[in-house]
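Down below is the structure, laid out as structure tokens.
The values are calculated or read from the model by the stated rules, or taken from the named source; none is laboratory data. All figures in this text were calculated on a predicted structure; none of them were measured in a lab. Note that we place each Cβ from the backbone using ideal geometry, even for glycine, and neighbour counts take in every protein chain shown. Accessible surface areas use protein heavy atoms only, side chains included; no ligands, DNA or RNA. Shrake-Rupley method; radii C 1.70, N 1.55, O 1.52, S 1.80 Å.
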Amino acid sequence: MTRQWYVVANASRARLIEHTRGVDDWADVADLVHAASRLPASALASDTAGSAGHQRRGDPRDREHERFAREIAARLEAGLAEARYDGLVLVASNPFLGELRARLSEGVGRCVAATVAHDWTSLSDADLVAKLRTATAPH
């Protein structure tokens with residue numbers, strides 16, 4: 001039996017789901033929410049001051065997306081260190097999928113078996129499992 005983790009994410013929510021092959025068991029590992037990613041840029045503007053009062057460049061929402069991608073990547077790194085999964089599938093909205101991939105360590109990156117560029121974070125558990133089975137089935 002092998003255990004595969006699925007990361008189903010967008011810039012403000014990520015679900016980590018474990019699938020144990022051989023027994024077809026699906027279990028939630030974590031449901032992460034990054035509320036700051038949903039705020040308008042104007043609400044995040046106070047976070048743009050850098051050292052010595054200089055303004056940091058870039059969209060504040062982009063920085064929040066990066067923070068969330070780093071948080072997810074840290075969870076995946078910890079899971080790998082604890083040998084909690086053998087393979088990894090990333091399902092995320094564009095461009096967040098690219099943001100997340102960029103934040104993965106080399107070791108976690110080697111575990112990625114597939115990527116799917118879709119936002120399935122709002123699907124019910126049954127619909128999500130059905131989509132994951134279909135999207136990641138060997139062809």
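Mind listing whichever residues of region 78-93 are closer than 24 Å to residue 133 by Cα and either charged (D, E, K, R) or free of Cβ contacts under 8 Å to residues at least 40 places away in the same chain (or both)?
Within region 78-93, 80, 83, 84, 86 meet the criteria.
Restricting to region 58-86, count the residues that are in a loop (DSSP other than H, G, I, E, B) and surrounded by 14 or more Cβ atoms within 10 Å (Cβ to Cβ).
Number of matching residues: 3.
Please enumerate the residues belonging to region 97-128 that are touching a Phe, Trp or Tyr at 6+ places or on another chain (Cβ under 9 Å), more than 12 Å from residue 7 (Cα to Cα) and not charged (D, E, K, R).
Scanning region 97-128 gives a single hit, 111.
Considering only region 90-139, how many residues are closer than 16 Å to residue 72 by Cα and open to solvent by less than 40 Å² (accessible area, probe 1.4 Å)?
Qualifying residue count for the region: 14.
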